[in-house]
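The next block holds one structure in the form of C-alpha cells; read it before the comments.
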Amino acid sequence: MKSEQYIQYFNIAKDWIVTNGPNVLIALVIFIIGRILAKWLAAIARKAMLKAGIEQTLVRFLNKLIYYVLLAAVVIAAADQVGIKTTSFIAILGAAGLAVGLALKDSLANFASGVMLILFQPFKVGDAISTAGVTGKVFQIDIFSTIIMTPDNQKVIIPNSSITSGVITNITAEPTRRIDLTIGIGYDDDITQAKKVLKSLVDADSRILKDPAPSIGVVELADSSVNLIVRPWVKTGDYWDVRLDLTEKIKLTFDKEGISFPYPSRKSICARWSGKAEFVSHNSCRRDRNNSGKPVALPLNR
C-alpha cells in the first residue's frame, strides 16, 4: 500500500517536473542573471553619482535603492515565468507599502527631508549653522537626522524634517563676515575724537579687510549715551577672534583717552506739597520726611 503511494507521489512529481521544469530552470536563470545585472547597474549608477559630486550619504542610499528595486523586478519576472500570478503579488506589495508608509509617515518625512538636504546642500559637514533653535557646527548629515555640535561641545541630533520646515542660517557659507559693534559714549564726550580712536584701532588690525572698507558712525542718540557703530569686514574664520580683541582694545583705549562709557542712572527729584509744589534736593527731602509736608520722590531716567 505504501509503495503504491510512493509511486503515485513520484509520478506526480515527475509530471510536475516535466511540465514546469523548463519554466523553473528559466526562472532560475532569470534570477541569477538579473541579480548580476542589478549589481552591475547599481555599481555604474554609483560611479556616475560620485563623478557628479553627489554627497556620499545620498550615493550609498541611492545605490542600495537602485539595487533592490532592480532585484524586486527580477524576482517578479522570475515568479511570472514559474506561473505565479504577479498582478496579485504586486497588489499585495502595494497595499503593504501603503500600510507601512502610513505607520512611518514621520520617518518618511525625515527621509524625504534628508534627501532634499543632501541634494540641494544648504549646508555641508563642517559648516556653522543656526536651525531649529540650535546653533553649532554640522558634524554629520544622515538620511533621517543631522548631528550638530554646539560651541560648548554638546551633540544635538535634529530630525531632518525639523530643519527643512524652518529657517536655516548658514553662518560660514560666505568667505567674509561683517562685525557690528555698538559703542556708547557720554553726551559730554567728543564724538570726533571717539571716531578717530575707533578708526585707528580698526586700521591697526591686519585681520580687518580693506575692501569692503570698514564704516564708523553715529547710529543712535540714546537715553544715556551717544551710540557709535563700528562695522569692519573680516574673513569668516577670524570673526570671533577679531570681535573679542577689538572690543577689549576699544575699552582700554577709551579709558586711556578719557572717553566715558555711560550707564543708565536714576535721579530722584523731591516735591514738597504745602499749598504749592516746591522742588527741593534729595537730601532735603530725606530730612523733611518727618515734617508736615508730604514729600514725593519722582525718579527720572537719565
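The values are calculated or read from the model by the stated rules, or taken from the named source; none is laboratory data. Keep in mind it's a predicted model, so treat the numbers as computed, not measured. We place every Cβ from the backbone using ideal geometry, glycine too, and count neighbours over all the protein chains shown.
List of remarks:
- Selection count where residues are among the charged types (D, E, K, R) and in contact (Cβ under 8 Å) with a residue 24 or more places away in the chain, scope region 145-185: 4
- Taken residue by residue, region 63-70 has no member that is more than 26 Å from Val115 (Cβ to Cβ) and not assigned by TED's automatic domain parsing to the domain that holds Asp142.
- Residue match in region 235-252 (condition: in contact (Cβ under 8 Å) with a residue 40 or more places away in the chain, assigned to a strand (DSSP E or B) and within 33 Å of the chain's Cα centre (by Cα)): yes
- Lone qualifier among Asp245, Asp203, Asp223 - being modelled with pLDDT of 95 or more, charged (D, E, K, R) and over 30 Å from Lys137 (Cα atoms): Asp203
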